[in-house]
Amino acid sequence: MEYLESLNEPQREGVVNTEGPVMIIAGAGSGKTRVLTYRIAYLIDYKQIDPFNILALTFTNKAAREMRDRIEGVVGTEARNLWMGTFHSVFARILRAEASRLGYPSNFTIYDTDDSKSLIKSIVKEFNLDDKVYKPNVVLNRISGAKNRLISWREYLNNPVYRADDESNMKPELGRIYKTYCERCFKAGAMDFDDLLFNTNVLFKEHTDVLNKYQQRFQYVMVDEFQDTNISQYLITRKLAAVRQNIAVVGDDAQSIYAFRGADIQNILNFEKDYPDLRMIKLEQNYRSTKTIVNAANSVIFKNKAQLKKNVWTHNDDGNLIELFRANSDNEEGKLVASSIFEEKMHHQLKNNEVAILYRTNSQSRAIEEALRRMNIKYKIVGGLSFYQRKEIKDLMAYLRFSINHNDEESFKRIINYPRRGIGDTSVSKMIVAANDHGISLWEVLENVSSFLGGRAANAVMDFVTQIKRFKLEIESKDAFEAATQIAKSSGILRELYEDKTVEGLSRYENVQELLNAIKEYVDDPEKEDKSLGAFLQEIALITGVDNDKDDDEEKVTLMTIHMAKGLEFQHVYIVGLEEDLFPSQMMLSSRADLEEERRLFYVAITRAKSKLFLSYALSRYRFGRLKNCEPSRFIEEVDPVYIKLNKKYTSSEPVFSNTPDYTKNFVTGMKKTVASRPVRKSSYKPPADFTPSDTSDLQAGMKVEHPKFGYGMVVEMDESGANRKAKVSFDDFGEKTLLLSFAKLRIHKN
């Protein structure tokens, strides 16, 4: 057993203490996978336990495969006989063998998400309910949440709290849909993913002989990533281990970040209460990161009250201080990060695949992607699509393109029935064929659709044509942002996405808002002479024209949300968008539990870095089409200032807003501020109802002006050199702004 010699003392304890309940608290980078692997190998190799009697549960198939391969490397092919896999795969195996006990066939179908949504869609239609209210995503999310809390459709229907909640959300029929959905699945001999857990609980509860059989079979039960379990998963594992109590769980409460998926941190925090004779082993030595990164992470997570105390440490070098970037805007933040990566590559031979950029929400990738493209730095999006490849973005872009170019066939096919207007694929094909057969444009077919189609489809197409013509007028009379916003609203895309309150739906809505933000930023840029929607689309086409997906073997910088980064590590990590209401998220500030989950998310982000860590925030960011002044995240201040420094080279020299406190000086001077003492930046200016812009043809330096957004200011400099006159104005509340006078709405004050 040479492998035991490679372990430190706590790791060795985690391997050889095989009897009774054990909880291994594994700090970030402490080698938990090695411990779990060797623990199983030790049971087979030294304790002579039959692999058929060992159950090891993971959260991903990849983790199960990697662990099985490692074990096989130690004990040989016997490892293939382990009961090892994800919760869903292992419990599906049990349910196949015991399906008849629950009235299912042994070859029952497993419905994926699309299957489930399709069934829900059919039920909603049969009930004559509004499919805009009872969207499949929303309904399935509600049913899934109930099943993961082990709430059957019977309990759901009989619970007045759930009924009242559904009624307040204008969805009083959810209980009836849940009941019918379950009945139809059962009739079809099908289970969805949530049923694999729900029905395993039912099986063990109602058939004690079956439970006893598996209790005898599984002499040793192990659970990886225990902090991510929900109540359903925990109850099953606790029942299976109830006889011998040889249960070992491995995890880190500081990395519990999946509450939105149903994970319950109380499972790991209260594990000791369920097993009073528990042996707790703490893996606290970090092998991944520098001392600076480890200590900085500790200083942050220490602020959480709900936690299992541990002291993560490392023998690694001190390493570099954490570098903090301050940008004037999110676009500039992208440029600063891209420039820093370029320099690190040039000076330190850093490879692209050694770098990760982490953000709180997918919509933040837009500015980062554009900056990386401009500097020709190859990148990949993990766990999602590149910003301009996301469905919701392509949908709105298709509306914008078709409103400009009525013969864009690809855009036409994408939007003609989205949002749904009763125009089927057959009707679309007929119109395209008609254009080809008659040698006329697609738009001519649409304008004369009654010659080619009849009935409701023809009426729907005529309404669509009228809508597109209206959009064309908007584009010709308004700037890019005003036109795009009107199209997003009138097309129904914004409403469609806004009404989907699932996590995925909110993300898609945020992405569309981010596209509108990009258009607003384009319009507000004084360097852009052409503010039209056509000019914006042309610029985006040039930026996204480079195919970043070619040469898949090429090394690329990794972009991903922090949730996707869990379990990964990189030499250099950039955490961007560290601003209040963004990270921590505005939706996670209603309770201490939510805020502590956000802090754990920040901890996970920090601990992905091996050698260098960079943090960045913007002083302003477009949100919902308006430029918002941003406040640095409280999490920046929670990093012990001895481990962080302001990077002056890649930091804007002047804040956008003249009344913006420079929080970064805390890190330069080594002084701390409390979050409570932080002033809130607000402008007291409100535009008067009678605001009317003045003729600015005679505008000169020294004149006092008023702007409907930035308030009062003074012209400090005029620029008459280009084709368009510009004015640099120093505003009382927002500092200096350079404005293009052909678009700026300024009222001149003579006195």
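The values are calculated or read from the model by the stated rules, or taken from the named source; none is laboratory data. Predicted, not measured: the structure shown is a model, and the values here were computed from it. With ideal geometry, Cβ positions are generated from the backbone for all residues, glycine too; neighbour counts draw on all protein chains shown. The area values use the complete protein model at the heavy-atom level, side chains included, leaving out ligands, DNA and RNA. Shrake-Rupley method; radii C 1.70, N 1.55, O 1.52, S 1.80 Å.
Reported count of residues in region 389-443, each being touching a residue at least 24 places away in the same chain (Cβ under 8 Å) and of a type in the set (Gly, Ala, Ser), is 5.
Checking the conditions here, which among Lys391, Lys413, Lys380 is surrounded by fewer than 20 Cβ atoms within 10 Å (Cβ to Cβ) and at pLDDT 90 or above? After ruling out the rest, the residue left standing is Lys380. A single entry from Leu589, Leu627, Leu595 fulfils the requirement of being in contact with a Ser or Thr (Cβ under 6 Å, 6 or more places away or on another chain), surrounded by fewer than 21 Cβ atoms within 10 Å (Cβ to Cβ) and at pLDDT below 95: Leu627.
Yes or no: region 451-464 includes at least one residue that is open to solvent by 20 Å² or more (accessible area, probe 1.4 Å) and closer than 26 Å to Glu521 by Cα. Looking for residues that are open to solvent by 20 Å² or more (accessible area, probe 1.4 Å) and closer than 26 Å to Glu521 by Cα, one finds none in region 451-464, hence no. The condition of being over 30 Å from Arg366 (Cβ atoms), among the hydrophobic types (A, V, I, L, M, F, W, C), open to solvent by 20 Å² or more (accessible area, probe 1.4 Å) and in a loop (DSSP other than H, G, I, E, B) does not hold for Ile432. Is it true that Gly702 is farther than 23 Å from Asp530 by Cα and surrounded by 17 or more Cβ atoms within 10 Å (Cβ to Cβ)? Judged against the criteria, Gly702 is not a match. Of all residues in region 190-213, those that are outside any helix (DSSP H, G or I) and either under 20 Å from Gly85 (Cα atoms) or open to solvent by less than 10 Å² (accessible area, probe 1.4 Å) (or both) total 3. Considering only region 458-468, I want to know if a residue exists there that is of a type in the set (Phe, Trp, Tyr) and under 16 Å from Ile493 (Cβ atoms). Taking every residue of region 458-468 in turn, at least one turns out to be of a type in the set (Phe, Trp, Tyr) and under 16 Å from Ile493 (Cβ atoms). If a residue must be of a type outside the set (Asp, Glu), surrounded by fewer than 19 Cβ atoms within 10 Å (Cβ to Cβ) and either touching a residue at least 12 places away in the same chain (Cβ under 8 Å) or touching a Pro at 6+ places or on another chain (Cβ under 7 Å) (or both), how many such residues does region 276-287 contain? Selection size over region 276-287: 4.
Checked against the criterion of being of a type in the set (Lys, Arg), buried (at least 19 other Cβ atoms within 10 Å of the Cβ) and free of Cβ contacts under 8 Å to residues at least 60 places away in the same chain, region 330-338 has at least one qualifying residue.
Considering (1) surrounded by 20 or more Cβ atoms within 10 Å (Cβ to Cβ); (2) among the small types (Gly, Ala, Ser); (3) more than 22 Å from Leu601 (Cβ to Cβ), the lone condition that Ser386 does not fulfil carries the number (1).
Across region 11-41, the number of residues qualifying as in contact with a Gly (Cβ under 7 Å, 6 or more places away or on another chain), under 27 Å from Ile606 (Cβ atoms) and among the charged types (D, E, K, R) comes to 0.
Cβ-Cβ contacts under 6 Å between residues 6 or more apart (or on different chains), taken from a first residue in region 625-642 that is under 15 Å from Ser585 (Cβ atoms) to a second residue that is assigned to a loop (DSSP other than H, G, I, E, B) and open to solvent by 20 Å² or more (accessible area, probe 1.4 Å), are listed as Glu631/Glu580; Ser633/Glu580.
Annotation: Leu269 fulfils all but one of (1) among the aliphatic types (A, V, I, L, M); (2) under 27 Å from the mean Cα position of the chain (by Cα); (3) open to solvent by less than 10 Å² (accessible area, probe 1.4 Å); the unmet one is (3).
Residue count for region 345-363 under the criterion of being assigned to a helix (DSSP H, G or I), in contact with a strand residue (DSSP E or B) (Cβ under 8 Å, 6 or more places away or on another chain) and of a type in the set (S, T, N, Q): the result is 3.
In summary, helices (runs of 4 or more DSSP H) completely within region 230-340 and bearing 2 or more residues that are more than 24 Å from Arg149 (Cβ to Cβ) and in contact with a strand residue (DSSP E or B) (Cβ under 9 Å, 6 or more places away or on another chain) occur at 291-301. Once region 225-261 is narrowed to residues that are charged (D, E, K, R) and open to solvent by 10 Å² or more (accessible area, probe 1.4 Å), the residue that is nearest to the chain's Cα centre (by Cα) is Arg261. Would region 526-547 turn up any residue that is polar (S, T, N, Q), surrounded by fewer than 24 Cβ atoms within 10 Å (Cβ to Cβ) and at pLDDT 90 or above? Checked region 526-547: no residue is polar (S, T, N, Q), surrounded by fewer than 24 Cβ atoms within 10 Å (Cβ to Cβ) and at pLDDT 90 or above.
As a summary of the residue check, Thr290 satisfies the conditions (1) modelled with pLDDT of 95 or more; (2) closer than 20 Å to Phe87 by Cβ except for the one numbered (2). Does Asn128 fit the bill of being of a type in the set (S, T, N, Q), over 23 Å from Lys147 (Cα atoms), open to solvent by less than 50 Å² (accessible area, probe 1.4 Å) and without any contact (Cβ under 8 Å) to a residue 40 or more places away in the chain? No.
From the list Lys303, Lys309, the lone residue that is open to solvent by 20 Å² or more (accessible area, probe 1.4 Å) and over 24 Å from Arg34 (Cβ atoms) is Lys303.
Asn53 fulfils the conditions (1) in contact (Cβ under 8 Å) with a residue 60 or more places away in the chain; (2) touching a Gly at 6+ places or on another chain (Cβ under 9 Å) except for a single criterion, (2).
Yes/no per residue for (1) surrounded by fewer than 19 Cβ atoms within 10 Å (Cβ to Cβ); (2) in contact with a helix residue (DSSP H, G or I) (Cβ under 7 Å, 6 or more places away or on another chain); (3) of a type in the set (Ser, Thr, Tyr); (4) not in a helix (DSSP H, G or I):
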| site | (1), (2), (3), (4) |
| --- | --- |
| Lys147 | no, yes, no, no |
| Arg163 | yes, yes, no, no |
| Met170 | yes, no, no, yes |
| Glu183 | yes, no, no, no |
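The set of residues in region 705-725 being open to solvent by 50 Å² or more (accessible area, probe 1.4 Å) and either of a type outside the set (Asp, Glu) or not in a loop (DSSP other than H, G, I, E, B) (or both) consists of Lys709, Tyr712, Met714, Val716, Glu717, Asp719, Ser721, Ala723, Arg725. Evaluating Phe325 against the criteria (1) touching a Lys or Arg at 6+ places or on another chain (Cβ under 9 Å); (2) open to solvent by less than 40 Å² (accessible area, probe 1.4 Å) leaves one unmet condition, (1). Among the residues making up region 1-29, those that are among the polar types (S, T, N, Q) and either farther than 25 Å from Gln245 by Cβ or part of a helix (DSSP H, G or I) (or both) are Ser6, Asn8, Gln11. Is it the case that region 359-369 has a residue that's surrounded by fewer than 19 Cβ atoms within 10 Å (Cβ to Cβ) and among the basic types (Lys, Arg)? Checked against the condition, which is being surrounded by fewer than 19 Cβ atoms within 10 Å (Cβ to Cβ) and among the basic types (Lys, Arg), region 359-369 yields no hits at all. Which residues, taken from region 74-96, are open to solvent by 70 Å² or more (accessible area, probe 1.4 Å), more than 26 Å from Gly262 (Cα to Cα) and of a type outside the set (S, T, N, Q)? Within region 74-96, Glu78, Arg80 meet the criteria.
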